[in-house]
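The values are calculated or read from the model by the stated rules, or taken from the named source; none is laboratory data. None of the values given here were measured: they were computed from a predicted structure. For neighbour counting, all protein chains shown are included, and Cβ atoms are generated from backbone atoms with ideal geometry for every residue, glycine included. The area values use the complete protein model at the heavy-atom level, side chains included, leaving out ligands, DNA and RNA. Shrake-Rupley method; radii C 1.70, N 1.55, O 1.52, S 1.80 Å.
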Amino acid sequence: MLSLSLGYPSETEELQMLQNLQEGVQVTDLQPCITLEEVAQLRQLCSQVKVETSLQEYILELVRTTRQDEEITLGVSPRGSVALQKAAQALAFILGREYAIPDDVKFLAPYVLSHRLIPRGGRNAKTIVDRILRSVAIP
């Protein structure tokens with residue numbers, strides 16, 4: 001749903017990774033921190049976060065703009081608009097709100113939309129999404 005860059009680990013963290021490998025620590029040795037039932041419950045709670053029609057229209061305007069932009073070969077699909085709404089609901093939930101706001105969408109759009117479009121001529125997708133965010137009126 002999101003494309004994030006975590007950057008490189010610190011030297012200490014990377015050394016720990018190498019030492020774990022040397023000691024035979026396997027990914028299978030990791031213990032889950034949440035159950036599948038808890039994940040399903042959290043997804044259900046996030047889906048209950050209210051998204052006003054005006055905010056849905058804002059999401060659609062952002063996505064539709066990517067389909068008409070001259071710097072974009074292939075715009076964001078309907079799955080992208082669904083992903084952006086779900087991400088906004090999840091962020092609102094995490095922040096303790098029962099409703100999503102335009103700032104949720106604006107914050108998440110570069111992470112949700114940038115990897116869902118194909119820019120022309122080597123242009124930077126995140127830069128294009130940032131420009132689109134500035135051009136579309138906020139509800």
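Structure notes:
- Between GLN16 and ARG131, the modelled label-to-label distance comes to 4.2 nm, taking each label 7 Å out from Cα in the direction of the beta carbon.
- HN-Hα J in Hz across the stretch 81-90 - Karplus 6.51, -1.76, 1.60, θ = phi - 60°, x for Gly and Pro: 5, 4, 4, 5, 5, 4, 5, 5, 5, 5
- Highest mean packing first, where packing is the average number of other Cβ atoms within 10 Å per residue, the peptides 118-124, 108-114, 19-25, 91-97 line up as 108-114, 91-97, 118-124, 19-25.
- Around the amide H of ILE72, modelled in the peptide plane, lie the amide H atoms of ARG120, all under 5 Å away and 5 or more residues distant in sequence or on another chain.
- Counting only Cβ charges, +1 for Lys and Arg and -1 for Asp and Glu, the dipole size of the chain around its Cα centre is about 740 debye.
- Amide hydrogen neighbours beyond the local backbone of TYR99, cut-off 5 Å, H modeled: LYS50
- Projecting label points 7 angstrom from Cα along Cα→Cβ for TYR8 and ARG123 puts them 3.1 nm apart.
- Local electrostatic count, GLU70, Cβ distance below 13 Å [Lys/Arg +1, Asp/Glu -1]: +2
- Label-to-label distance, nm, for residues given as GLU37 and ASP103 (7 Å Cα→Cβ offset): 3.7 nm
- Per-residue HN-Hα couplings for the stretch 43-52 [Karplus 6.51, -1.76, 1.60; θ = phi - 60°; Hz; x = Gly/Pro]: 4, 5, 5, 5, 5, 7, 5, 6, 10, 5
- Phi-derived couplings, Karplus 6.51 cos²θ - 1.76 cosθ + 1.60 at θ = phi - 60°, listed residue by residue for the stretch 3-17: 10, 10, 10, 8, x, 8, x, 5, 4, 5, 5, 5, 5, 4, 4 Hz, with x used for Gly and Pro.
- Taking every alpha-carbon pair under 8 Å whose residues sit at least 6 apart, the stretch 55-139 reaches a relative contact order of 36 percent.
- Å² of accessible area per residue within the chain, as computed with a 1.4 Å probe and no ligands counted: 71 Å²
- Using a probe of 1.4 Å on the protein chains alone, the accessible area found for VAL82 is around 80 Å².
- Accessible carbon and sulfur surface of the stretch 5-139 relative to its total accessible area, %, 1.4 Å: 55 percent
- The chain: C-alpha gyration tensor shape, a/c 1.5 cut-off, then a/b vs b/c: oblate
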